[in-house]
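The structure appears right after this line, and notes come after that.
The values are calculated or read from the model by the stated rules, or taken from the named source; none is laboratory data. What you see is a predicted model; the values in this text were computed from it and never measured. Cβ placement follows ideal geometry from the backbone for every residue including glycine, while neighbour counts extend to all protein chains displayed. The accessibility values were calculated without ligands, DNA or RNA, using every heavy atom of the protein model including side chains. Shrake-Rupley method; radii C 1.70, N 1.55, O 1.52, S 1.80 Å.
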Amino acid sequence: MGALRQLTVTQQIGLLFVVIFGVLLLATLGAFWRSLKDMTPEQQAMHHRVVLDLRAVWIGTVLFWVSWALGAAVSTLLFALVSFLVLREFITLTHTRRADHRALIAVFFVVLPLQYVLVGTRAFNLFAVFIPVYAFAVLPILAALGNDATRFLERTAKIQWGTMVCVYGMSHAPALLLLSFPRYEDRGAFLVLYLVLVVAVGQIAQEVASRTLRRRPMARHISRSFSWRTGLVGAAAGGVVGLLLYWITPFKPPQSFLIAFIAAGCGLFGELVVKAMKRDAGIHRWGKGSVTGAVGLLDRVAPLCFAAPVFFHSLRHYFGA
């Protein structure tokens with residue numbers, strides 16, 4: 001590990017991507033080999049889910065590699081675009097009225113761009129409170145100016161919650177690129193990749209465990225696959241990945257395991273929350289029904305949106321960045 005830490009940043013990232021793409025290639029070949037065998041309907045459903053998760057990891061890794069090669073500014077713009085698309089998908093799943101148009105326009109074209117500008121300029125103190133304080137105060141005012149009190153509190157809460165998850169949560173991922181610690185300068189890209197891999201592995205491990213272990217769902221009417229046992233398996237798998245990748249972080253091995261365990265757990269609970277929202281909207285599978293624009297992007301990134309703020313602020317508090 002000492003030899004790995006002695007490599008230059010470019011060499012470390014190159015080595016890391018070689019390992020990651022190699023593991024993804026092996027996992028993809030394994031999934032393809034599995035698809036050639038006879039499977040029960042339940043096994044087919046599990047295999048389909050694993051394939052979707054692998055595809056998401058492939059896409060995320062390729063996009064991250066491209067954005068890293070083009071610089072932090074391009075990475076921030078990329079995350080802003082993803083945030084816009086996720087927020088759009090969220091709004092298609094919620095009940096809004098004409099009176100909410102002012103608030104929605106403000107979210108998409110004022111709040112979202114300003115939040116990412118604050119990220120890009122490293123105004124982290126203002127970035128941390130801009131949405132939960134200032135935007136949360138302004139959005140209900142704009143909705144009230146629409147002169148429609150029908151389900152006002154419910155509509156406003158949905159817009160605020162969507163902004164919190166899809167914009168505030170997501171914006172913490174590119175903010176990691178700009179963090180700088182003593183003896184860890186210009187290595188923020190490692191933190192983003194670390195977080196993405198920890199969260200993704202936690203999801204995949206939890207899904208596999210839900211098909212192989214006996215479980216007692218903690219929220220049966222929302223998810224029959226999520227239990228304390230499978231959740232612990234997923235979080236522990238994320239922790240192990242964090243432990244293996246500690247050499248690309250400012251953490252010591254035990255610290256890396258703990259923060260990865262917490263981040264993976266937050267991601268799993270974020271996935272559970274999105275499942276609850278889908279049930280409320282009457283959606284059981286993406287592509288079914290008449291919800292325009294809902295293609296499952298929210299499912300893929302919601303765990304990251306829940307894990308990124310916890311990870312980011314834990315880092316800032318611990319290292320005083």
To the nearest 20 Debye, how big is the dipole of region 190-267 about its Cα centre, given +1 on the beta carbon of each Lys and Arg and -1 on that of each Asp and Glu? 460
From Cα pairs below 8 angstrom and at least 6 apart in sequence, can you work out the relative contact order of the chain, rounded to a whole percent? 19
What's the carbon and sulfur percent of region 1-158's accessible surface, probe 1.4 angstrom, rounded to a whole number? 71
Say each of residue 21 and residue 101 gets a label point 7 Å from the Cα, pointing the same way as Cα to Cβ; how far apart are those two points in nm? 4.8
Considering only the other residues whose Cβ falls under 15 Å of the Cβ of residue 159, what net charge follows from Lys and Arg at +1 and Asp and Glu at -1? +3
For the chain, what is the accessible area per residue in Å², given a 1.4 Å probe and the full set of protein chains? 50
Among 145, 46, 71, the residue whose Cα sits farthest towards the positive end of the charge dipole of the chain (+1 at Cβ of Lys and Arg, -1 at Cβ of Asp and Glu, taken about the Cα centre) is 46
For the chain, what number of Lys pairs, 8 or more residues apart or on separate chains, have alpha-carbon atoms under 24 Å from each other? 5
Taking trypsin sites (Lys or Arg not before Pro) as exposed when DSSP calls them loop (any state but H, G, I, E, B) and at most 10 other Cβ atoms lie within 10 Å, what is the longest stretch of the chain free of them, the sites themselves excluded? 38-182
What number, rounded to the nearest 500 deg cm²/dmol, is the helix-based mean residue ellipticity at 222 nm of the chain, given -39500 (n - 2.57) per DSSP H run of at least four residues and division by all its residues? -23500 deg cm²/dmol
